[in-house]
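The values are calculated or read from the model by the stated rules, or taken from the named source; none is laboratory data. Since the model is a prediction, treat every value here as computed from it, not as a measurement. Counting neighbours? That spans all protein chains shown, and the Cβs are built from the backbone with ideal geometry, glycine included. Ligands, DNA and RNA are excluded from the accessible area calculation, which covers all protein heavy atoms including side chains. Shrake-Rupley method; radii C 1.70, N 1.55, O 1.52, S 1.80 Å.
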Amino acid sequence: MAEDARHNMAQFWEEHSRDATVEEMMLDSSAELISQEEKPEIISLLPSIDGLSVLELGAGIGRFTGNLAKLASHVTAVDFMQNFIEKNQQDNGFRGNITFLQADVTKLTLPRQSFDFIFSNWLFMYLTDKELVEVTQRMLGWLRPGGYLFFRESCFFQSGDAQRTFNPTVYRSPAQYNHLLTSVKSTSGDQGFEIVMSKSVQTYIKLKKNQNQVCWLMQMVPRVPEANQGYGTFQQFLDNHQYSRKGILRYEKIFGQGFVSTGGLETTKEFISMLNLLSGQRVIDVGCGIGGGDFYMAKTYGVEVLGMDLSSNMVEIAMERAIDEKNPLVQFEIGDATRRIFAEASFDVVYSRDTILHISDKGALFRRFYSWLKPGGKLLITDYCCGEHPWSPDFQEYVKQRGYVLYTPSEYGQLLEKAGFVNVQAQDRTKQFVQVLNAELKRTKEIKEEFLQSFTEEDYNYIISGWEEKLHRCSLGDQRWGLFYAEKPHEIIS
């Protein structure tokens, strides 16, 4: 079966590599225009590769090879087709820091820990699941500790308009790539990939109204299952535990259409009004959930919003809703805020609702937020907090089971000040939290029959007991809810 797959793929690319043109390689008659616009976009998504050793898999005719070689100390460019390699060498060989290699990636052998960064554009969709798993394990061997993998694929269906007599391409969903790449462990079993970012390529949305071109940035990190409640990665813990697709939709039924955070639209309107948003401003929503707040900001204030969440289930639902919303001001990505890289002063506002409770080093995250904001930029966060120690045994177990890291509201505010923020407001909103919980609990009981049309009695009891337990923890003073507003100074004094 594997040999048949490789034979079919070789036959496919022999048919589409005869002239080694960009149109052939991209399988699209508009390839020149698309390539011109998307190359700078793709390059802008990469981490710094200055002085690093780069492996480019599926290098093709070298659309990206030259760009990579300008920055890296050395690039090893690999492709399946000899025609493509020769064209790449013809165009980029003068650089002197590129090794050109014709090879089938499924049979490729390279020295262990010989690269800092692996770049791949439209390769994995030409591998079977078994081949992709094997190649992923090899990549974990080729990378040095902490190294990065960037890849881009066509998801769901083909994008190019080239005629094809047959098409052996595997059009996976983004969720399938997420699962396949993050499930693989290194041969030693102690390393694996975690998602730093995954998003649609904006050029294809702009030029072809096509959201199925998706790219990923992953980092190789140690696998410490005990740090993620027994799961290989924190994202797997979120997607399989608290934020399964069913769990998300169950929460939405209580919080309201588009929302999975306390108070739904009502609190969203109240808190966003504090930001005095202006049309054209850029907002990043860290822990965007399924996007209700992002659509509200874009529609009401005309701001551009990037919604980012580590839960792939959340982002997939948000992207499904975006198709219905048809609002180009809102984009979504799977992203790890503790690793995601943005240029300094990229945003006017950082917004986050009930998400940062998962992050252990909040100080480091707040310093990132500070760098992302423009001078005078604003930050607004709501988050679960805690009362003073000692906590009740039940609350200690709850925090441990959820993997939360909690501070008192005043401690939270102090962390923001230490990160450089000014005009910090740290408000204990537990009283409001309790009012909202009671209202949501009352409504859940009133809509029980409607709830049970979509969910089970077990789901209903989970919500009822969960809300009652939150109210109890608040009554003990253990669980608190904080609202935090802060600003980046207009003038930075060095």
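Remarks
- When peptides 318-327, 370-379, 451-460 are sorted by average Cβ neighbour count within 10 Å, with the highest value leading, the order is 370-379, 318-327, 451-460.
- Rounded if a/c under 1.5, otherwise prolate or oblate - region 81-127, Cα gyration tensor axes: oblate
- Rg/Rg_globular for region 266-395, with Rg_globular taken as 2.2 N^0.38 Å and Rg from C-alpha atoms: 1.08
- Segment Thr456..Leu108, full-extension length gain: 120.3 nm, with 0.36 nm per residue of separation and the alpha-carbon distance subtracted.
- Per residue accessible area in Å² of region 369-447, where ligands, DNA and RNA are left out and the probe is 1.4 Å: 48
- Ranked by how many other beta carbons lie within 10 Å on average, peptides 245-257, 283-295 from highest: 283-295, 245-257
- Rounded percent of accessible protein surface that carbon and sulfur make up, the chain, 1.4 Å probe: 50
- Under 13 Å from the Ser392 label point (7 Å along Cα→beta-carbon), backbone N, region 459-494: 468-480
- Qualifying lysines (Cα of each under 27 Å from Cα of Lys208; at least 8 residues distant if same chain): Lys39, Lys199, Lys299, Lys326
- Calculated [θ] (222 nm, deg cm²/dmol) that DSSP helices of n ≥ 4 give over the chain, each run adding -39,500 (n - 2.57): -12500 deg cm²/dmol
- Rg over Rh for region 92-151 works out to 0.97, both radii taken from alpha-carbon positions and Rh defined as the Kirkwood radius.
- Fraction of antiparallel bridges per DSSP, the chain only, in percent to nearest 5: 45
- The slack in the chain from Ile341 to Val224, taken as 0.36 nm per residue of separation less the alpha-carbon distance, amounts to 39.8 nm.
- log10 of Debye I(q)/I(0), alpha-carbon scatterers only, for region 61-200 at 0.20 Å⁻¹: -1.42
- The translational diffusion coefficient of region 268-310, from Stokes-Einstein at 4 °C and 1.567 mPa s with a Kirkwood hydrodynamic radius over alpha carbon pairs, comes to 125 µm²/s.
- Contact order normalised by residue count of region 273-333, Cα under 8 Å, 6+ apart, percent: 36
- The chain: relative contact order in percent, alpha carbon pairs under 8 Å with at least 6 residues between: 10
- Our coupling estimate for region 448-457, obtained by passing each phi through the Karplus curve with A = 6.51, B = -1.76, C = 1.60 and θ = phi - 60°, is 3, 4, 5, 4, 6, 6, 10, 9, 8, 4 Hz, Gly and Pro reported as x.
- Qualifying lysines (Cα of each under 16 Å from Cα of Lys488; at least 8 residues distant if same chain): Lys374, Lys378, Lys418
- Probe 1.4 Å, accessible area per residue of region 76-118, Å²: 50
- Between region 422-494 and region 170-194, the alpha-carbon centres lie 34 Å apart.
- The protection proxy used here, the mean number of other Cβ atoms lying within 10 Å of each residue, ranks peptides 413-424, 142-153 as follows, highest first: 142-153, 413-424.
- Gln191 long-range amide H proximity, modeled H, under 5 Å: Ser186, Arg223
- Labels on offer are [x] 104, 54, 17; [y] 51, 24, 19; [z] 43, 24, 22, and the one holding semi-axes √(5λ) of the Cα gyration tensor in Å computed from this structure is [z].
- Sequence-distant residues sharing a close amide H with Gln281 (under 5 Å, placed H): Glu304
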